[in-house]
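I have placed the structure first, in the form of structure tokens, so that the comments after it can refer back to it.
The values are calculated or read from the model by the stated rules, or taken from the named source; none is laboratory data. Just so it is clear, the structure is predicted and the values come from calculations on it, not from any experiment. When we count neighbours, we look across all protein chains shown, and the Cβ atoms used for this are built from the backbone with ideal geometry, even at glycine.
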Amino acid sequence: MRLNKFYITGSIAISLALILLVSCKAEKSAPSQKKEFADMVYPLLDTENSRWFYFSSASRPFGMVNLNPDTEIKGDWGGGYKYTTDTIRGFSHVHEWQLSALSVMPVTLTAENSANIFSDFYSKFSHESEKIFPGYHSVVLDRYQIRAELTSTRRVGFHQYTFPANARKAILFNLNTILGPCENTNGTLEKNNDYELSGSLVLSTNFRRPKPLTVYFKIKFNEAVSSVERNKATGNYLVNFDKVKDKVLMKAAISYTSVENATNNMQQELPHWNFDKTVSDSKNEWNSLLGRIQVEGGTETDQRRFYTDLWHALQGRKMISDANGAYPDNTGEKFRIGQLPLDANGKPKFNHYNSDAFWGAQWTINTLWGLVYPEIMNEFVHSLMQYYKDGGMIPRGPSGGNDTYVMTGASTTPFIVTAIQKGIVKDDLEAIYAALKKNHMLNGIMGKAGYEHNTNLGGGLKYYLEKGFVPYPIPEGNFGSHQDGASQTLEYAYQDWALAQLAKKLNHQEDYDYFMVRSKNYQNVFDKSVDWMRPKNVEGKWLENFDPYKYENGFIESNGAQSTWFVPHDIEGLATLMGGKEKAAEKLNKQFETAKDLKFTSGTSHDAELHPEFSRIPINFGNQPSIQTSFIFNALGRPDLTQYWTRSVVKETFSGLSPATGYNGDEDQGLMGSLNVLLKIGLFQLNGGTDKEAEYHIGSPIFTKVSIQLNPNYYKGKNFVIEAPNNSAENIYINGIKYNNTAVEKQTISHSAVTNGGKLTLEMSNNSKQ
């Protein structure tokens, strides 16, 4: 059977017919015919668990413009496109970490609605009218009977509105409003000529992003504008058209530096008016990236979910630099426009990026990007270093040209170290090392807790250096979010180990020895009397009445049971504290047995983690602190349990294909999508790939064949192939491994072996040899 192109045609809460269709197809093997990878993506996945930056349909990979309909606009959590809300409140161009901007709405004017159009312009819609695939979104506004079609280039949104014949046609620019995480203020729109407009708005400050940011935009139409009205009460604008038969095409380019650069962005990226070509170009770009991994076998649903996961892994973290390399620098006391270095052709050598935290990236994008998309990892490292050059600190979650200090620790250290260890970043290593080291010392980013902008106390780094642990509570008081000493200690110890590996590579022996000593600090918060990681106060006394299942009780977005296993760099040392590998494996296995009853997650959304029933789960695959745990069994000498539990987690938790299911927690700009890809292809890096010869732990893939196309600019090999010929839902155990027909005794394979190309063959069985 040929797989038809997949266009989204949902209905409220998904029709029974679609549910039956998915369940029936799940019993069938996926078709082997060639198909477009973008058509395999199910964009509506988990859209009942809405967040402002979570869903972005009509976008390019990592594009500055993230264009899609908004059904909820006021609030970050629950904002943006939420499947269960039946009203469209505008089409906005920026859905990003702490950024939002430029909401527009096509309308038809009547005698009845003209007087109130600035305050009453929302429209109902039906999922039946929608068509969505990566790079394209189409929907009918029921109130106006307008079909709105959206696509984009990296920095330009492209709209095609088909109006009813003989209607009075207009587009409302909702420039002064609350969109997601911040308020849009001071919005202005100026008519330059009959076909062009320009303007700007200011993104107000918020708790996470304390400095304002101006968004500039250039607008062009294919039809003449008859008039532009400004409403005094709202400060918003209505753009009117008189002589249009049916369609209006609109291009909207944005920039964080100037109208001139927004205009140049449009000239560089979208000089034509061919809407269908732009849709095709966008889809082809997605196909190119999604097609880096080709899977065979499994069910059709397995494959569709896989490419949806991969789409999420490439959706988050958007660029903020213009086509000419100009970018907003908010790191200093005064805002400035920075300029990225240019190559011999006058093009920027890399793009500059906005990004939610790299907290948890060691088990997600570190591995996926480092193997499949090294050029993306390379760009992000250079972008992070640009922040350092401007502001003196490598950020962990920059927004609007400056760090938000989201989460904790120096989470970008493992990201950058693995890029160097894998040979992706080769130049200026001493400068990069110096920058990373600064973050690990007093007055560096380790000293700052979440969103701690003005002090260096919440991170508890001075106590970590003096006592070998971060106390809970921190005596000085509250200075930021996530001041959870036990978790902070565990994070710092791992990040110190990662930095030590780079110090060793660069022959900084003294530094290597120093950071290796610090990397053992995790031992200082392990209480052998209870066999758990446990918070200590500043005097070194264990937290009284300690409950390892109590959520955020000295542990960040987790409980003690989950975070006890956060020792990515020294599983053997952790096992020794627990009485040996066998006892450690038995302990972890019991945690999985218990977690299975709740499908391995703390509910179906990030907010649910606080629910008493869900928060006490001993392993949580809905948030980052314990998503590595199924692969720990490999390091404990029980690969059969890695295979069993990883396949169980995928089946129970990450196999759904509906708006009501997906990542069951905090997807965080592609982290959970990346995790899913790695679990399903059976490759994982416990220490984030930060050691000298980075190794991949081998797990149980869900497909019979996985072909990874390697980037020739970075790696010697052409393809790396994983074959598991008799793989199935029952045959989950690996009874034999061969690499290029040579037996592999260990459950690991080196990064160099993978990137040199070749074939990993897995002998699958329904029985374990263990």
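Annotation note: of PHE53, PHE121, the sole residue that is in a loop (DSSP other than H, G, I, E, B) and within 19 Å of SER204 (Cα to Cα) is PHE53. Within region 110-123, residues that are surrounded by 15 or more Cβ atoms within 10 Å (Cβ to Cβ) sit with their Cβ atoms under 7 Å from residues that are part of a loop (DSSP other than H, G, I, E, B) and among the polar types (S, T, N, Q), at 6+ positions apart or across chains, in these pairs: PHE118/ASN231; PHE118/THR234; PHE118/ASN236. Only residues that are part of a helix (DSSP H, G or I) and surrounded by 18 or more Cβ atoms within 10 Å (Cβ to Cβ) were counted in region 567-583, giving 5. Those helices (runs of 4 or more DSSP H) of region 284-399 in which 3 or more residues are under 24 Å from GLY688 (Cβ atoms) and among the β-branched types (Val, Ile, Thr) occupy 365-372.
Applying the selection to region 147-168, what residues are closer than 14 Å to PHE91 by Cα, surrounded by 22 or more Cβ atoms within 10 Å (Cβ to Cβ) and not aromatic (Phe, Trp, Tyr)? Within region 147-168, ALA148, LEU150, THR151, SER152, VAL156, GLY157, HIS159 qualify. For the residues GLU223, GLU229, the requirement of being in a strand (DSSP E or B) and surrounded by fewer than 21 Cβ atoms within 10 Å (Cβ to Cβ) singles out GLU229. The residues on offer are ASN68, ASN116, and the sole one that is more than 27 Å from THR301 (Cα to Cα) and outside the structural domain of ALA729 (by TED's automatic domain parsing) is ASN116.
Taking the residues in region 41-83 that are β-branched (Val, Ile, Thr) and in contact with a Gly (Cβ under 7 Å, 6 or more places away or on another chain) as candidates, determine which candidate is modelled with the lowest pLDDT. Before you say what the answer is, go through the steps one by one.
Residues of region 41-83 that are β-branched (Val, Ile, Thr), as a first pass: 41, 47, 65, 71, 73.
Restricting the remaining residues to those that are in contact with a Gly (Cβ under 7 Å, 6 or more places away or on another chain) gives 65, 73.
Details: VAL65: 98, ILE73: 95.
Restricting to residues being β-branched (Val, Ile, Thr) and in contact with a Gly (Cβ under 7 Å, 6 or more places away or on another chain), the top hit is ILE73.
Run down THR704, THR690 and say which single residue is surrounded by 20 or more Cβ atoms within 10 Å (Cβ to Cβ) and farther than 25 Å from GLN624 by Cα. Every option except THR704 fails the conditions.
Look at MET516 and say whether it is surrounded by fewer than 22 Cβ atoms within 10 Å (Cβ to Cβ), in a helix (DSSP H, G or I) and of a type in the set (A, V, I, L, M, F, W, C). Yes, satisfied. Among the numbered conditions (1) in contact with a Cys (Cβ under 7 Å, 6 or more places away or on another chain); (2) farther than 19 Å from LYS318 by Cα, the only one that SER200 does not meet is (1). In the set ILE734, ILE698, only one residue is assigned by TED's automatic domain parsing to the domain that holds PHE614, aliphatic (A, V, I, L, M), crowded, with 24+ Cβ neighbours inside 10 Å and over 30 Å from the mean Cα position of the chain (by Cα); that residue is ILE734. Examine region 347-361 for a residue that is more than 12 Å from the chain's Cα centre (by Cα) and either more than 24 Å from ASP390 (Cα to Cα) or of a type in the set (Gly, Ala, Ser) (or both), and state whether such a residue exists. Scanning region 347-361, I find no residue that is more than 12 Å from the chain's Cα centre (by Cα) and either more than 24 Å from ASP390 (Cα to Cα) or of a type in the set (Gly, Ala, Ser) (or both), so the answer is no.
Listed by first and then second residue, the pairs with beta-carbon distance under 7 Å, at least 6 apart or on different chains, first residue in region 37-60 and without any contact (Cβ under 8 Å) to a residue 60 or more places away in the chain, second among the basic types (Lys, Arg), are SER50/LYS82. Taken together, ALA503, ALA498, ALA435 contain a single residue that is over 26 Å from the mean Cα position of the chain (by Cα), outside any loop (DSSP other than H, G, I, E, B) and in the same structural domain as LYS389 (by TED's automatic domain parsing), which is ALA503. Do you know which of the residues in region 525-566 that are under 25 Å from the mean Cα position of the chain (by Cα) and hydrophobic (A, V, I, L, M, F, W, C) is nearest to PRO471 (Cα to Cα)? That would be PHE555.
Restricting to region 615-648, give me the number of residues that are surrounded by 24 or more Cβ atoms within 10 Å (Cβ to Cβ) and acidic (Asp, Glu). Residues meeting the conditions: 0. Annotation note: of GLU544, GLU557, the sole residue that is more than 24 Å from GLN624 (Cα to Cα), charged (D, E, K, R) and either outside any helix (DSSP H, G or I) or assigned by TED's automatic domain parsing to the domain that holds ALA498 (or both) is GLU544. In region 615-714, counting only helices (runs of 4 or more DSSP H) that sit wholly within it, the ones holding 1 or more residues that are within 30 Å of GLY63 (Cα to Cα) and of a type in the set (A, V, I, L, M) span 639-653, 671-681. Flag: ASN623 does not match the condition of being on the phi > 0 side of the Ramachandran plot, touching a strand residue (DSSP E or B) at 6+ places or on another chain (Cβ under 8 Å) and either hydrophobic (A, V, I, L, M, F, W, C) or in contact (Cβ under 8 Å) with a residue 12 or more places away in the chain (or both).
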